Structures are given as C-alpha cells and as structure tokens.
Amino acid sequence: MPTQLSRRSLIRGITAATAVTALATGLAACGGDSDAATKTDTAGTVTVGQLSNGAAKETTLKVSEVKSISAELPAALKKSGKLVIGSGTLPSGSPPLGFVGDDQKTITGSEPDLGRLVAAVLGLEPEVRRSTWENLFIGLDSGKVDVAFSNVTDTEERKQKYEFASYRKDDLAFEVKKDNTWNFDGDYESLAGKTVSVANGTNQEKLLLEWKAKLAKEGKKPLTVKYFQETNSIYLALSSGKIDAYFGPSPNLAYHAAKTARTPQATRIAGQFSGAGESLQGLIAATAKKDSGLAKPLADAINYLIENGQYAKWLAAWNLSNEAVAKSEVNPPGLPLTNS
C-alpha cells in the first residue's frame with residue numbers, strides 16, 4: 001500500500017530540467033493504424049528511448065519471457081500471442097509519455113516502452129495503438145485494446161470499470177508564464193479568480209472542479225476552467241494571457257518548461273500536487289478492463305522488471321527516476337470518489 005503523506009510533503013517544487021523528450025505528431029484514432037515498429041528488437045532484448053531525436057538515452061535491455069508469469073495470462077490472450085497497448089496521446093502527442101519518433105511513424109515515449117518491456121516478460125508481441133484520451137477507455141471497453149500504458153491514474157471511480165497494476169508515482173503540476181509570480185502551495189483558495197486549463201476526463205480535472213465548487217460554495221472569486229483540443233492550443237492561450245495556468249502531469253509540463261526556458265514563451269512550474277489528492281500519493285497504473293484477469297500478471301511482470309533492474313534503467317533512460325515505486329500493486333488505494 002502506498003505511504004500516506006502529509007499535505008506539506010506532497011506539495012514540492014520541481015525544476016523544469018528534470019524531464020526530457022520531444023513533441024509529437026498524431027497518428028490514427030483508436031482501432032486504426034498501429035505502430036508497426038514496436039517489436040522486441042532481437043530475442044531477449046528491448047530497446048527503450050528509440051527514435052526520440054536525442055530526447056531519451058537509447059538503452060537496450062535484456063528481458064525475455066518468464067514462463068511462471070506468462071502462465072497467469074487469460075487463455076485467449078496467450079492464444080493470440082499479442083498484447084495490444086493503448087496510448088491516449090492523440091492528436092499532438094504527450095511528451096515524454098507517448099509521441100511519434102523522429103522517423104515520423106514509430107510510437108516512442110516512456111509509456112509505450114514500459115508496455116513493450118512488460119509484453120516481453122509475458123512472451124507476447126507488443127502492438128501500440130494511439131487514440132485520443134477519451135477513446136483510450138472506449139478501446140478498453142470494446143476489447144480493441146488489452147491494456148493502457150498511458151499515464152492513467154488509479155482512482156476509486158475508475159475501479160468500477162477497470163483493474164490496475166501500479167508502476168509509477170503520479171504528480172501533477174501547475175505551469176505558468178515565467179514572469180507570473182503566482183505559486184500554488186496546496187491551498188485551493190489561491191486559485192480564486194484564476195483561469196486554468198486542464199484536459200477533459202482526467203483526474204486533474206476532477207481535482208480542479210472540486211476546488212472550483214468549494215470556492216463557489218464559500219462565495220470566493222470564481223475559478224474559471226477552460227478546455228482546449230490539443231496541447232499547442234493550451235500553450236498559445238498561456239502565452240497570450242487567455243489563461244493563467246495549465247494543470248497537468250508533471251513530466252509533460254517540466255519538459256515544456258525546459259524546452260521554452262530561453263525563448264520569449266518561457267514558462268515555469270508554479271507548484272505540484274499529488275494526483276490522488278491531499279492525503280494520498282497518486283499512482284500511475286497499467287489499466288485493463290475489470291475482471292479481465294490481467295492485473296495480476298501485469299503487476300508480476302512489472303515487479304520482475306523492478307527486481308531485475310530493467311525498470312530502473314527504463315526510468316533513467318527517460319530521466320524519470322524520481323517517479324519510481326518500490327513495487328507494483330494490484331488495485332492499490334487511489335484518488336477517492338470525492339475529496340470534498
């Protein structure tokens with residue numbers, strides 16, 4: 001079970017230089033074109049950080065099927081010989097989590113790479129399919145996707161339909177223009193009068209809307225929440241002053257702040273918050289349809305990678321070592337149904 005943390009320990013600053021990756025272009029919607037170059041490189045190896053245009057340190061890892069773990073797979077999946085991995089990163093990519101590589105066709109990023117490593121342990125051929133965030137879950141519901149490796153936060157609401165195998169800490173951040181002096185210290189009251197963008201259907205949206213409701217109930221200045229279809233539009237709005245801040249996953253925002261540091265569009269990280277709310281460390285998890293029978297073999301595969309060192313090397317390749325977890329857990333406590 002993840003450690004229960006105090007508000008003070010959860011809210012910690014991060015520097016923009018902690019993440020590396022490259023921006024992406026879109027491919028096809030869920031169930032459409034998939035990545036044709038996601039195979040295990042040679043027998044017993046998987047290369048992470050490929051085709052990232054220098055954004056990650058390309059690293060070849062030794063990893064082969066572990067029979068005792070692959071034996072846990074549902075019979076239909078074993079028969080298919082393939083693990084279809086969902087990546088909810090259309091239309092413009094979500095660096096460093098998932099984006100199109102410098103060959104303009106291969107899906108790269110930290111999340112697809114972990115999916116490939118897990119597939120190797122399970123003795124399955126990985127196939128990565130990109131979609132919008134909303135269609136990621138439609139793909140799971142319909143069976144077109146076996147598992148999502150796409151920065152999905154473990155939440156109690158999602159457990160009504162999905163099962164989880166955790167693999168990374170989930171921290172969120174606020175990004176603002178570099179000359180903006182506002183900082184988020186964990187007190188939602190500091191959001192009064194602000195205009196903030198957030199992605200629809202995410203746990204950060206859930207947190208933000210709860211804070212908005214609290215401010216309204218208390219008669220404070222309103223928090224305005226704005227939505228955009230793609231990341232580029234968010235940053236245009238931020239640079240033009242149409243929004244005060246963007247609330248999203250820390251790795252993405254830290255990368256963008258580092259990339260823009262010496263440009264007229266420079267931004268900075270103005271505060272951080274756990275993706276599971278005030279009193280619980282958020283966790284990112286491999287996500288499968290509830291009662292699919294996948295959560296345990298996924299967790300066992302991730303724990304094998306942790307115990308044998310490939311997990312640490314995967315994180316290091318993407319400069320995400322500070323998000324490591326000690327072990328993968330099946331359906332650990334997640335963002336509560338309400339934080340009100």
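Structure values in brief
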| quantity | calculated |
| --- | --- |
| Total formal charge among the other residues, if their Cβ is under 11 angstrom from that of Gly248, Lys/Arg +1 and Asp/Glu -1 | -3 |
| Segment 36-184 - percent of accessible surface contributed by carbon and sulfur, probe 1.4 Å | 50 percent |
| Residue among Thr155, Asn252, Thr89 farthest towards the positive dipole end of the chain, charges placed on Cβ | Asn252 |
| For Lys290, net neighbour charge (Lys/Arg +1, Asp/Glu -1) across residues whose Cβ lies under 14 Å away | -2 |
| Unit Cα scatterers, Debye sum, the chain: log10 I(q)/I(0) for q = 0.09, 0.14, 0.15 Å⁻¹ | -0.44, -1.10, -1.26 |
| Reach of Lys226 by Cα under 16 Å, taken over aspartates and glutamates that are not fewer than 8 positions away in the same chain | Glu175, Glu205, Glu210, Asp244 |
| Whole-Å semi-axes of the ellipsoid equivalent to segment 156-277 (Cα gyration tensor, √5λ, descending) | 23, 19, 13 |
| Three-way shape label, segment 251-291, alpha-carbon gyration tensor, a/c 1.5 | oblate |
| Cβ charges +1 (Lys, Arg) and -1 (Asp, Glu), total dipole of segment 267-330, debye | 160 debye |
| Gyration tensor (alpha-carbon) shape descriptor, segment 193-340, a/c threshold 1.5 | oblate |
| Size of electric dipole in segment 116-203: Cβ of Lys, Arg +1 and of Asp, Glu -1, about Cα centre, debye, nearest 20 | 320 debye |
| Reachable aspartates and glutamates, given that their alpha-carbon falls under 17 Å from the alpha-carbon of Lys67 and they are not under 8 places away in the same chain | Glu125, Asp300, Glu307 |
| Within the chain: Cβ-based charge dipole about Cα centre, in debye rounded to nearest 20 (Lys, Arg +1; Asp, Glu -1) | 420 debye |
| Proximal charge balance of Gln204 [Cβ under 13 Å; K/R count +1, D/E count -1] | -3 |
| Amide H contacts of Thr47 (H built 1.01 Å from N, under 5 Å, at least 5 apart or other chain) | Asp41, Leu61 |
| Built amide H within the under 5 Å cut-off of Lys194, gap 5+ | Thr224 |
| Links that overshoot a 20 Å alpha carbon limit, given the list Lys194/Lys259; Lys159/Lys296; Lys57/Lys313; Lys178/Lys259; Lys78/Lys144; Lys212/Lys289 | Lys194/Lys259; Lys212/Lys289 |
| The chain: relative contact order in percent, alpha carbon pairs under 8 Å with at least 6 residues between | 28 percent |
| Mean accessible surface per residue for the chain, computed with a 1.4 Å probe while every protein chain stays in place, in Å² | 42 Å² |
| Amide H partners (placed H, <5 Å) of Leu280, local residues excluded | Leu5 |
| Low-density loop cleavage sites - trypsin sites (Lys or Arg not before Pro) in segment 77-118, where at most 14 other Cβ are within 10 Å (DSSP) | Lys105 |
| Coil-residue chymotrypsin sites (Phe, Trp or Tyr not before Pro) of segment 233-309, DSSP, other Cβ within 10 Å capped at 13 | none |
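The values are calculated or read from the model by the stated rules, or taken from the named source; none is laboratory data. Computed from a predicted model, the values in this text were never measured in an experiment. All Cβ positions, glycine included, derive from the backbone under ideal geometry; neighbour counts span all protein chains shown. Protein only, heavy atoms only, side chains kept; ligands, DNA and RNA dropped before computing areas. Shrake-Rupley method; radii C 1.70, N 1.55, O 1.52, S 1.80 Å.
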